[in-house]
Amino acid sequence: MTGRLSLLVTSPRVAPGLLSQAAWSGLRQAAVWGRPGEPQAAAVAREGVAVTPTEITDPASLARALVSAADEADLVWIGSSDGDPGLSDAIAAEVSRLPEPPEVQLLIGSFDVPGARLLDVVAVMDRLRSPGGCPWDAEQTHESLVPYLIEETHEAVEAIESGDRRHMQEELGDLLLQIAFQSRVAQDHPSEPFDIDAVAGGLVDKLVRRHPHVFADVEAADTDTVESNWEAIKAGEKQERTHPLDGLPASLPALARADMYVRRLTRAGQVDLVESAASASGFGAELLGLVIRARAAGVDAEAALRATLRDLSAASAPSVGKPR
């Protein structure tokens with residue numbers, strides 16, 4: 001009677017030893033093999049499970065040894081940190097040549113949780129900035145990365161408005177890189193360091209604080225109430241801002257900045273000031289009037305102009321085979 005060969009599969013993003021109940025049950029009821037020095041094997045051994053070490057590295061040889069041992073009794077192989085490249089194919093080849101091979105199954109020890117790949121982003125960024133990593137990445141500062149942050153932000157907006165989902169995914173990844181890069185640079189500050197966890201922690205605290213209708217007992221029947229609550233909480237957090245236009249970045253494009261001016265001054269009860277500026281003479285006043293009209297119609301003036309310019313660009317492009 002043949003036994004069963006179980007391949008323990010775990011997430012490298014979950015701490016060694018944090019395994020499912022089924023995994024622990026399988027480990028305690030079978031012979032267990034693993035590579036010496038592997039964190040998962042060491043964690044299992046610390047819990048009293050005997051782990052037989054093996055130094056075999058060749059996938060075909062390891063597959064032959066595992067299948068042979070499982071022919072006599074149930075065996076669990078604790079997968080290596082590198083994922084044992086080539087081992088699954090080698091095991092398939094090995095069992096296919098046997099008249100009565102042992103049963104082979106995957107024993108799931110842990111799964112990735114949502115957002116687990118963000119840990120990989122942090123790890124890769126740390127490797128690039130650490131000694132022995134990338135010289136260019138190591139030389140960057142907060143200031144030197146600003147042009148890339150601006151560029152990637154605009155490219156992400158363009159991808160979103162294009163409707164191309166794959167392009168959007170790629171550009172959002174490039175934008176995420178800028179956040180991870182800036183956070184890793186911040187770790188190296190000599191007197192005021194912070195890291196990605198501090199950035200994420202501050203964001204979580206802000207989101208919870210500004211959504212009391214979700215995380216507390218505040219009632220919010222519609223989106224207008226949600227927005228009103230948000231602005232009131234934000235004003236309480238930033239009491240140093242005494243003017244409606246405080247905090248607006250000067251680098252905003254003029255049309256987007258005008259939209260923010262209209263929104264904030266209107267909310268502050270200064271509608272007359274806005275309308276007076278729009279009724280003055282000159283192209284600037286006329287443009288401001290268009291922004292006011294766009295807001296009244298629920299249209300983002302900046303996005304509307306970008307869409308028109310995209311159409312103009314497409315119309316101006318020469319057709320294939322068209323005489324020039």
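For the stretch 133-255, a crude dipole built from +1 on the beta carbon of Lys and Arg and -1 on the beta carbon of Asp and Glu, taken about the Cα centre, is about 280 debye to the nearest 20.
Translational diffusion of the chain, estimated by Stokes-Einstein from the Kirkwood radius over alpha carbon pairs at 10 °C in a medium of 1.306 mPa s, is 61 µm² per second.
Between helix 165-187 and the chain there is an angle of about 90 degrees, using the helix long axis and the longest principal axis of the Cα atoms. When the Cα convex hull of the stretch 9-111 is projected onto planes of every orientation, the mean area is 6.1 nm². Projecting label points 7 angstrom from Cα along Cα→Cβ for S281 and V124 puts them 5.9 nm apart.
A Förster radius of 51 Å combined with the Cβ-Cβ distance from T223 to A42 puts the calculated FRET efficiency at roughly 0.45.
Under the convention that each Lys and Arg Cβ holds +1 and each Asp and Glu Cβ holds -1, the size of the dipole of the stretch 193-324 around its Cα centre is about 720 debye. Exposed loop positions in the chain were taken to be chymotrypsin sites (Phe, Trp or Tyr not before Pro) whose DSSP state is not H, G, I, E or B and which have at most 16 other beta-carbon atoms within 10 angstrom. Between these positions, the longest stretch is 195-324. When the Cα positions of A123, T141, T153 are compared along the charge dipole of the stretch 117-194, A123 comes out farthest toward the positive end, with charges on each C-beta of Lys, Arg, Asp and Glu.
Projected over every direction and averaged, the convex hull enclosing the alpha-carbon atoms of the stretch 258-324 yields 6.1 nm².
Any read-out appearing in this document is the output of simple, stated calculations on the displayed coordinates, not a laboratory observation. Not measured: the values here are computed from a predicted model. As a convention, Cβ positions derive from the backbone with ideal geometry for all residues, glycine included, and neighbour counts pool all protein chains shown.
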